[in-house]
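Read-outs: derived from the displayed coordinates by stated rules, not from any lab. Computed from a prediction, not measured in an experiment: that's the story for all the values here. Counting neighbours? That spans all protein chains shown, and the Cβs are built from the backbone with ideal geometry, glycine included.
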Amino acid sequence: MLDGARGLAKGFWTTLRHAAQPPLTVPYPEVKRRLPPAFRGRHRLYRHEDGLERCIGCELCAAACPSSAIYVQAADNDPAHPVSTGERYAAIYEINMIRCIFCGFCEEACPVDAIRLGPEYELADFDRATFVYTKQMLLEPEKYAPRRQYHADVDQQDPQLRREIPDDLDLGEVYRTHRPLGAPITASPDQTHHPLA
């Protein structure tokens with residue numbers, strides 16, 4: 001009987017001791033935790049300052065992907081109207097975000113720094129087809145990724161959440177200075193060709 005009362009008192013003491021401490025949970029989405037420097041979120045394709053795509057269609061990112069989430073179909077670059085700086089460019093570039101494991105191998109394999117994993121992590125949506133990101137969606141994520149529809153009230157309170165990341169900025173600096181852009185994809189520019197779906 002005495003052991004039972006002692007155990008009960010010990011349990012109550014533990015409860016009271018922890019009840020006096022401040023809460024450990026973060027009231028998301030009003031408060032967002034700072035992301036670690038090596039955080040790997042949504043992919044993004046980049047352009048050069050002159051507007052040409054950095055991707056040269058080498059398909060090394062697709063070869064490095066352990067989950068076969070990337071599909072690249074290269075085409076010859078027209079010298080009169082170049083799309084990228086190389087001899088070839090990615091005519092079709094798609095990433096199946098359902099298959100992606102966010103390992104960052106594509107980013108490491110790219111010889112021209114065309115693809116990077118950014119700090120955006122709010123990728124939820126209701127339609128599986130929208131998780132196949134096309135080349136246009138990866139080049140212009142702000143156009144095809146509207147403000148976070150699930151937390152629009154928070155976005156209006158803090159417009160700095162949607163700051164654009166310049167493509168020539170050091171990636172480490174991006175992680176230190178930008179909060180997540182995160183936006184669910186709700187509309188795809190082209191749903192006609194999806195070998196990854």
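So what is the relative contact order of segment 1-141, in percent, for Cα pairs below 8 Å that sit 6 or more residues apart?
Relative contact order of segment 1-141: 27 percent.
Report the FRET efficiency, 1/(1 + (r/R0)^6), for His81 and Glu140, where r is their Cβ-Cβ distance and R0 is 25 Å, rounded to 0.05.
0.80
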